[in-house]
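Asks: I'd like to ask you about the structure that follows.
Each value in this text was obtained by applying a stated rule to the coordinates, not by laboratory testing. No experiment lies behind these values; they were computed from the predicted model shown. Reconstructed Cβ throughout: ideal geometry from the backbone, glycine too, with neighbour counts over all protein chains shown.
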Amino acid sequence: PASNLGLEDIIRKALMGNFDD
Amino acid sequence: ELTQEQMGLLQYVMDSHLKHRLPQSLATRLILQDDMGSDDNFVFLTEMATRHVQILVEFTKKLPGFQTLDHEDQIALLKGSAVEAMFLRSAELFNRKLLERHTDILEERIRKSGISHDYINPMFNFYKSVGELKMVEEEYALLTAVVILTPDRQYLKDKESVEKLQETFLHILEKICKRHHPDNPQHFARLLGRLTELRTFSHHHADMLMSWRMN
């Protein structure tokens, strides 16, 4: 779940992926 | 007047700003949902914050020049600015006309969230002081870019490149301020003053989360 991810993890994943959808 | 190049950059930033914003549906869900338990509220606000960061990253990826920076520097910039940018975007959302009739409910919900009022009061004061500036969307978009491209973030290696990028957006922002607030020569300086206030939120954010968890 998102609540278990740290800020840096969220940023790294978002930089690699695409959340437009 | 903006130069041709500045106009192009502004258009690019605005397109990205308008495309990558917190969906209205999510904001409405937060405001109008029936009373949630404090655990539900915590999970919901955590999801909302995560979504905020994801949208912010999408916006940042499209800032002209950002992709040319070193990958670890990109992370340092985002990590250093995410909380500040989130508060700035929340201020925009709070002051957006569409939400005007809901702001009292939103304020009440956040006040009841279990977060200490020592943290909540300065946050609402900030939202209201930003609201008094009557910022146009271009100013919110450019100020967000300026926040993200702050050259003195921790762990940033190539400060010079970031400084150059930030200056590009600061110059456009200054011109936009003069265009939209011709009777207020202090307007640009006031916007920059809000950035100092934003920094204090960033410092207090970890304490705020801790106090919320404890409650």
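Asks: Go ahead and run the numbers for FRET between residue B:3 and residue B:132, Cβ-Cβ distance against an R0 of 25 Å, rounding to 0.05.
Replies: For R0 = 25 Å, the calculated efficiency reads 0.20.
Asks: What is the spin-label model distance, in nm, from residue B:209 to residue A:8 if the labels are put 7 Å beyond Cα along the C-beta direction?
Replies: It works out to 1.3 nm between the two label points.
Asks: So, one more: Order by neighbour count: B:46, B:68, B:168, fewest other Cβ atoms within 10 Å first, most last.
Replies: Numbers: B:46 16, B:68 9, B:168 19.
Taking fewest neighbouring Cβ atoms as first place, the list is B:68, B:46, B:168.
Asks: How far, in degrees from 0 to 90, does helix B:159-180 lean away from the longest principal axis of the Cα atoms of chain B, to the nearest 10?
Replies: The answer is roughly 80 degrees.
Asks: I would also like to ask the following. Going by how many other Cβ atoms sit within 10 Å of their own, how do B:150, B:3, B:196, B:60 line up, fewest first?
Replies: Lowest count first: B:196, B:3, B:150, B:60.
Asks: Next question, about the same structure. Report, largest value first, the span of the C-alpha coordinates of chain B along each principal axis, in whole Å.
Replies: 52, 41, 28
Asks: For a quick check of your reading of the filter: which GluC sites (Glu not before Pro) in the range B:76-153 sit in a DSSP loop and have no more than 15 other Cβ atoms within 10 Å?
Replies: Qualifying residues, ordered by number: none.
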